[in-house]
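The structure appears below as structure tokens.
The values are calculated or read from the model by the stated rules, or taken from the named source; none is laboratory data. From a predicted model like this one, the values you see are computed outputs, not experimental measurements. Cβ placement follows ideal geometry from the backbone for every residue including glycine, while neighbour counts extend to all protein chains displayed. For the accessible areas, the whole protein counts, side chains as well, though only heavy atoms, and no ligand, DNA or RNA atoms are used. Shrake-Rupley method; radii C 1.70, N 1.55, O 1.52, S 1.80 Å.
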Amino acid sequence: MEDLGVMDQGPKLFGDRYRGRRVLLTGHTGFKGSWLALWLNELGAKVNGVALAPDTMPCHWDLLGLGIADHHQDIRDDRALAGIVSDTQPEIVFHLAAQPLVRRSYRDPLATWSTNVMGTANLLEACRQTKSVRAIVVVTSDKCYENQEWSRGYLESDRLGGHDPYSASKAAAELVAGSYRDAFFHAADAPLLATARAGNVVGGGDWAEDRLIPDLVRAIAAKAKLEIRSPQATRPWQHVLESLSGYLLLGQKLIESRREFAEGWNFGPGPEANCSVAGVLARLGAHWPELAWQTSSAPQPHEANLLYLDSAKARTQLGWTPVWTLDDALTATADWYRSFLARGRVDSRPQLAGYVAKARATGLEWAA
């Protein structure tokens, strides 16, 4: 992998719009949030993070040691959250804080609803009261669409909904964001608000419960057979950096006052990366020959079987496109965990550098 100096050579990423800019990032201690914190830090942004304390050990956020401002705060506390937004005076806000797990939402639906819906409303209300805010990117989920088990990808215009509390709460978060955009953020001097819906992300540093890769890594470390709930379930798999490049590109357009981008966006992989759980495990077997798995016989709560995203809008209008293939994403993920487990190394920075270098070599506008 290349040295991270690639980030400071040649043309600046995302039009250099993040250098020196005040950014508020909610959910920075989570898997996706910690990777975004790393990237924003490398872009020269002045980042303040708002999140609960990490709930996994190891924890990617702690391993990165970024040294950015770290506010441990529950976003359901509207007054405390408003105080942080007021004190930090952000110019752009990335909202990733959430209860992110489907199965946990069955166990604790009220916490899921209050975090994902009222937490989002609390943040947007705080932004409405803070004049420094110029742009907001609210991250929801590919599961925000009312699942019809379609073989085609879901479009941004498709109906929102959800069977389980997690999926339904993410659809509701989209409605909250749309309401604030229409009711409060329509004036010429108001913040521009967009929502982002990504596919199933993989990558090093994820230690959450009930996710395929972390469960796999734990099973291998314990020399146990991995229990799989739904081996034929198909998802749009992508490396975490793919979704983050979309969020950052979208944020760039909003910072540039491009009102036409203040709407919902899908950031999913190409059709070749829509793969079953069994298919992903077969590919990962090349990196972990000791991998063994079996289908769980225990009764399972309902989850969607087929789920695809259509990201044509982001490709044609934003100029966003995936950089890594599914095999690239899985190789990077396996390499990260193997390096960490064998030597305690955290290869997030060099992997980010490699991703940026590939984007530049591909000629993507945000990296050119």
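At a glance:
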read-out: Helix-only [θ]222 nm of the chain, DSSP H runs n ≥ 4, -39500 (n - 2.57) each, per residue, nearest 500; value: -11000 deg cm²/dmol
read-out: Prolate/oblate/rounded label for segment 245-353 (Cα gyration tensor, a/c 1.5); value: oblate
read-out: GNM result for the chain, Cα springs below 10 Å: residue of F267, F31, F185 fluctuating most strongly; value: F185
read-out: For the chain, built as a Gaussian network whose Cα springs stay under 10 Å, the top-fluctuating residue of S297, S243, S311; value: S297
read-out: Span from the segment 230-275 Cα centroid across to the segment 308-368 one, whole angstrom; value: 12 Å
read-out: Radius 14 Å from Cβ of T29, net charge of other residues (Lys, Arg +1; Asp, Glu -1); value: -4
read-out: Computed over the chain: relative contact order in percent, which uses C-alpha pairs under 8 Å that are six or more apart; value: 20 percent
read-out: Residue order for R218, R21 - accessible surface, 1.4 angstrom probe, largest first; value: R218, R21
read-out: Accessible surface, per residue, of segment 290-368 when the full set of protein chains is kept, probe 1.4 Å, Å²; value: 45 Å²
read-out: Of the trypsin sites (Lys or Arg not before Pro) in segment 255-364, those whose Cβ has at most 15 other Cβ within 10 Å and which sit in DSSP loop; value: R258, R345
read-out: Sites S230 and A361 - FRET efficiency at Förster radius 41 Å, r taken between beta-carbons, to 0.05; value: 0.65
read-out: Long-range amide H partners of Y145 with built H, under 5 Å; value: G161
read-out: Among I213, I228, I75, residue whose mean-square fluctuation peaks in a GNM of the chain (springs only between Cα atoms under 10 Å); value: I228
read-out: Segment 184-327 - percent relative contact order, Cα under 8 Å, separation 6 or more; value: 35 percent
read-out: Segment 60-109 versus segment 143-184: alpha-carbon centroid distance in Å; value: 21 Å
read-out: Pairs from K143/K223; K32/K313; K131/K253 whose Cα-Cα separation, in the structure shown, is over 26 Å; value: K143/K223
read-out: Along the chain, longest interval not containing exposed GluC sites (Glu not before Pro), exposed being DSSP loop plus at most 11 other Cβ atoms within 10 Å; value: 1-148
read-out: Computed FRET value (nearest 0.05) for T316 with E272, which takes r as the C-beta separation and R₀ as 25 Å; value: 0.85
read-out: Distance between modelled label sites at T295 and D16, nm, 7 Å Cα→Cβ extension; value: 5.7 nm
read-out: Total formal charge among the other residues, if their Cβ is under 10 angstrom from that of L306, Lys/Arg +1 and Asp/Glu -1; value: +1
read-out: For percent of Cα pairs over 27 Å apart, calculated from these coordinates, the label among (1) 52; (2) 44; (3) 49; value: (2)
read-out: Relative contact order (%) - criterion: Cα under 8 Å, at least six apart; region: segment 1-114; value: 29 percent
